[in-house]
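The values are calculated or read from the model by the stated rules, or taken from the named source; none is laboratory data. Values in this document were obtained by computation on a predicted structure and should not be read as measured data. Note that each Cβ is placed from the backbone with ideal geometry, even for glycine, and that neighbours are counted across all protein chains shown. Calculation scope for accessible area: heavy atoms of the full protein, side chains included, ligands and nucleic acids excluded. Shrake-Rupley method; radii C 1.70, N 1.55, O 1.52, S 1.80 Å.
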Amino acid sequence: MGKTEFLKHDLLPAASKAGYVAAYTNLWDDADHPGQALASAMWLALEPKGISKLWESLNTPIKKMKAGGKLPMGAEASLELDLAEKEKLSIPAIQAALQAADKSKKKLLLVIDEAQVLAAPAHKNLAHSLRAGLDIRKESIKVLFAGSSEAALREMFSKTSAPFYNWAPVEPFPLLGREFVEAMVEQVQRLARQPLSLAEATGAFEALKETPEFFRWYIERYLLNQELGAKNALETTLLRVHNDTAHVKTWKELTRADRAVLLLAAKGVQDLYGAAALKQLKVILDLQEVTATLPRTSLRRLTGQKLQLLARIDHGTYRFEDQEFQLWVSARSTVD
């Protein structure tokens with residue numbers, strides 16, 4: 001939660017101030033063409049005026065850029081390469097960008113957001129090539145992989161057959177806590193006619209499962225409707241959080257067993273294979289008997305690349321990838 005804002009508004013400016021050339025790309029912007037996103041991000045950071053020449057030198061077909069189109073990093077251009085053709089040449093383009101980095105007097109910081117896109121089988125050759133190029137430049141190029149799917153990132157660096165196996169440690173992004181709430185309350189005191197108490201704000205933060213984005217919604221609601229009070233701001237925010245259009249669709253696509261496992265996980269059950277969890281699953285699903293095979297099979301689906309709803313933290317212990325979905329699930333009482 002908050003990682004992209006941290007990367008773009010804190011880390012990259014700090015890196016530039018420290019003398020790095022900083023390149024950033026979010027692979028979710030175009031998950032089908034991560035190669036060109038990586039090459040363009042590095043080239044725009046190193047040689048911003050040379051990106052067109054880079055692709056031209058690779059003899060790639062060029063077509064008129066669609067009105068309003070933009071290259072990665074927001075650099076506007078008058079021409080754009082055919083996406084499919086451009087992706088075919090992304091490996092030599094990345095190699096060219098790395099060679100440009102070799103000539104730079106500054107170290108390069110490459111930040112790859114939503115990096116789990118590289119773990120897809122379709123991008124295996126690209127990932128192998130990228131690793132090979134980075135392996136020999138560890139002193140001059142520093143890389144930070146970030147992603148919203150902890151399960152996918154862990155697999156990317158821990159699976160022996162993965163291109164980036166054992167290349168970097170996976171660290172959880174630290175969550176905001178009491179200091180964040182205190183800072184927000186201090187801001188409110190300067191802006192509001194009616195002060196918001198720290199106790200009320202802390203209670204709201206806890207009710208919103210300590211999710212910074214939801215808490216920001218709460219603060220905004222309070223500032224706009226101070227006369228209605230903090231309680232109303234929290235109730236309104238909770239209603240907004242539980243706006244379930246997308247969540248209903250996800251829920252309907254799951255099996256009853258998957259839903260039951262999610263219910264337990266959302267309510268804080270730690271050992272999803274344990275006897276207590278199996279007993280609860282038997283009641284929820286109205287079955288005569290439930291073995292550990294049921295949650296184990298469901299968890300494979302729920303943590304898999306297709307769904308990515310849960311991330312494995314420890315044996316039998318899982319965490320929701322989407323805190324908003326966890327709130328929505330925890331409010332349900334049945335799997336139906």
**Residue within the range 248-267 that is of a type in the set (Gly, Ala, Ser), within 22 Å of the chain's Cα centre (by Cα) and open to solvent by 40 Å² or more (accessible area, probe 1.4 Å) present** = no
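Among the candidates Leu191, Leu175, Leu198, single out the residue that is without any contact (Cβ under 8 Å) to a residue 60 or more places away in the chain and exposed (fewer than 14 other Cβ atoms within 10 Å of the Cβ).
Leu191
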**Request:** May I ask you to verify whether Leu134 is modelled with pLDDT of 90 or more, buried (at least 16 other Cβ atoms within 10 Å of the Cβ) and either among the small types (Gly, Ala, Ser) or not in a loop (DSSP other than H, G, I, E, B) (or both)?
**Result:** yes
**Request:** Return a yes/no flag: does the range 220-231 have any residue that is touching a helix residue (DSSP H, G or I) at 6+ places or on another chain (Cβ under 9 Å), surrounded by 19 or more Cβ atoms within 10 Å (Cβ to Cβ), assigned to a helix (DSSP H, G or I) and of a type outside the set (A, V, I, L, M).
**Result:** yes
**Asked** Of all the residues that make up the range 105-122, how many are outside any strand (DSSP E or B) and either charged (D, E, K, R) or within 21 Å of Leu7 (Cβ to Cβ) (or both)?
**Response** 9
**Message:** Considering only residues that are open to solvent by less than 60 Å² (accessible area, probe 1.4 Å) and among the charged types (D, E, K, R), which ones fall in the range 1-51?
**Reply:** Lys3, Asp30
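Could you tell me which of the residues Tyr273, Tyr318 is in contact (Cβ under 8 Å) with a residue 40 or more places away in the chain and in contact with a strand residue (DSSP E or B) (Cβ under 6 Å, 6 or more places away or on another chain)?
Result: Tyr318 is the single residue among Tyr273, Tyr318 that is in contact (Cβ under 8 Å) with a residue 40 or more places away in the chain and in contact with a strand residue (DSSP E or B) (Cβ under 6 Å, 6 or more places away or on another chain).
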**Which numbered condition Ala119 misses (of (1) at pLDDT 60 or above; (2) open to solvent by less than 20 Å² (accessible area, probe 1.4 Å))** = (2)
**Request:** Could you check how many residues of the range 270-316 are assigned to a strand (DSSP E or B) and open to solvent by 30 Å² or more (accessible area, probe 1.4 Å)?
**Result:** 3
**Message:** Taking the condition of being under 14 Å from Gln116 (Cβ atoms), part of a helix (DSSP H, G or I) and modelled with pLDDT of 90 or more, how many residues in the range 2-37 meet it?
**Reply:** 0
**Request:** Could you tell me which numbered condition Glu150 fails, if it satisfies all but one of (1) in contact with a strand residue (DSSP E or B) (Cβ under 8 Å, 6 or more places away or on another chain); (2) modelled with pLDDT of 80 or more; (3) of a type outside the set (Phe, Trp, Tyr); (4) crowded, with 20+ Cβ neighbours inside 10 Å?
**Result:** (2)
